[in-house]
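First up is the structure itself, then whatever we jot down about it.
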Amino acid sequence: MTDALGEEGSRDRGPASCAFRSAALSARVLSAGAALHELLVHDSRGSSVDVLLGFDSANDYLDNSAYIGVVVGRVANRIGGSKFSLDGHEFRVFQNDGPHCLHGGPAGLSKAIWRSKPIPGGVTLTLNSPDGDQGFPGAVEVSVTYLLRGQELEISYWATTTQSTPLSLTSHVYFNLAGQGNIYDHEVSIAADNYLPIDDTSIPTGEIASVEGTPFDLRKPVRLGDRLANLPAGGFDHNFCLTQGQGRRPCARVYDRGSGRTLTVETTMPGVQLYTANALSGVLGKGGTSYSAHDGLCLETQHWPDAVNKPHFPSPILHPGETYNHTTWYTFTTQ
């Protein structure tokens, strides 16, 4: 079932809303930032709750500095020094994180109102990003499709460009499998043998480090409340390096014992950023809730941060004539 409040969006039009459901899940997506606004999931007793942080107003998704719920790009995460070289030219992109470019810049894709079109079981949103948008080269045509199948939410990304350009799109949703409160009782595992150490401005140092013997070893489930205190900056905000290859691959698993909900993530992307909402403080969210640090977690499937400046990282460059096509799957079960 799909119900839509308008189908068109742009940088100038007002936001639209589209609700859809499967036998097990119910979702609502907004054209504002292509945001996943609501995802209702049953617990082990059959009760349904929204497992996403968010806002009551669609316009708040465009204004929030925590990027709650939105699709970020052109390049998710950080570009060090807000510059890179490509095809013999240096490009300077807009700064919005000290000297760095974060999630595509201050007016990136997450700040736009997308065009939306309901499809059976979901919605497709599209946006045209012009040449020079936030300093990035090439005119880029982007689409994001949300689709529910049974217990699975699929988010797929597609794009083309008129000029070689870095591109890394991801959904910046904050999950809380309990529905509200902190995530200390969430158990998390990530299928990664390596992670990227970062400097004091959150830019990868260039080292690809083993997780063995470190607090970043999440190959077996770890209760977040037991691990966060051992980390700098109050929690995780790091890229984990997934197995390279084509097709759908394991990424992460999250389990909340209180509700019995389990989230399993699979993706075609080479990395996932685990962010435990370390800086989330005083954000007024759904129903007037004041969100605090560690009230949610993000699993941002992506190209590795600052890859455009580190040739030994998997390349994030999209060339003319190529198609950017990546998918992430979120499967919800109960125990």
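Points worth noting:
- Any hit, the range 310-325, residues being within 30 Å of ASP56 (Cβ to Cβ), assigned to a strand (DSSP E or B) and either under 18 Å from the mean Cα position of the chain (by Cα) or among the hydrophobic types (A, V, I, L, M, F, W, C) (or both): no
- Members of the range 178-200 that are in a loop (DSSP other than H, G, I, E, B), touching a strand residue (DSSP E or B) at 6+ places or on another chain (Cβ under 8 Å) and under 30 Å from ILE79 (Cβ atoms): ILE183, ALA191, ALA192, ASP193, LEU196, PRO197
- If the condition is being in contact with an Asp or Glu (Cβ under 7 Å, 6 or more places away or on another chain) and not in a strand (DSSP E or B), then the range 78-121 contributes only GLY80.
- The C-beta contact set for the range 291-319 (first residue more than 22 Å from PHE236 (Cα to Cα) and crowded, with 22+ Cβ neighbours inside 10 Å, second residue at pLDDT 95 or above and among the aliphatic types (A, V, I, L, M), distance under 8 angstrom, 6+ apart or interchain) comprises VAL308/VAL75; VAL308/ILE79; VAL308/LEU86; VAL308/ILE317; PRO316/VAL75; PRO316/LEU167; PRO316/ALA307; PRO316/VAL308.
- Tally, over the range 140-154, of residues that are part of a strand (DSSP E or B) and over 17 Å from the mean Cα position of the chain (by Cα): 4
- Top-ranked residue of the range 63-85 - restricted to ones that are on the phi < 0 side of the Ramachandran plot and more than 15 Å from the chain's Cα centre (by Cα), ranked as surrounded by the most Cβ atoms within 10 Å (Cβ to Cβ): ILE79
- Residue ID - surrounded by the fewest Cβ atoms within 10 Å (Cβ to Cβ), chosen from residues in the range 136-153 that are farther than 15 Å from PRO118 by Cα and either without any contact (Cβ under 8 Å) to a residue 60 or more places away in the chain or among the acidic types (Asp, Glu) (or both): GLU141
- Residues that are among the hydroxyl-bearing types (Ser, Thr, Tyr) and assigned to a loop (DSSP other than H, G, I, E, B) within the range 201-225 comprise THR201, SER202, THR205, THR214, listed in sequence order.
- Those residues of the range 42-59 which are assigned to a strand (DSSP E or B) and either over 19 Å from the mean Cα position of the chain (by Cα) or on the phi > 0 side of the Ramachandran plot (or both), in sequence order: HIS42, SER48, VAL49
- Residue satisfying all of: in the range 1-30; buried (at least 19 other Cβ atoms within 10 Å of the Cβ), in contact with a Leu (Cβ under 6 Å, 6 or more places away or on another chain) and in a loop (DSSP other than H, G, I, E, B); modelled with the lowest pLDDT among these: PRO15
- Taken together, SER171, SER164, SER116 contain a single residue that is touching a residue at least 60 places away in the same chain (Cβ under 8 Å) and closer than 26 Å to LEU274 by Cβ, which is SER171.
- Total residues in the range 190-230, condition hydroxyl-bearing (Ser, Thr, Tyr) and surrounded by fewer than 17 Cβ atoms within 10 Å (Cβ to Cβ): 4
- Where a residue in the range 26-49 is touching a residue at least 12 places away in the same chain (Cβ under 8 Å) and its partner, wherever it lies, is buried (at least 24 other Cβ atoms within 10 Å of the Cβ) and of a type in the set (D, E, K, R), with Cβ under 7 Å and at least six apart: VAL41/ARG261; ASP43/ARG261
The values are calculated or read from the model by the stated rules, or taken from the named source; none is laboratory data. Being a predicted model, the structure only gives us computed values, none of them experimental. All Cβ positions, even for glycine, are placed from backbone atoms using ideal geometry, and neighbour counts span all protein chains on display.
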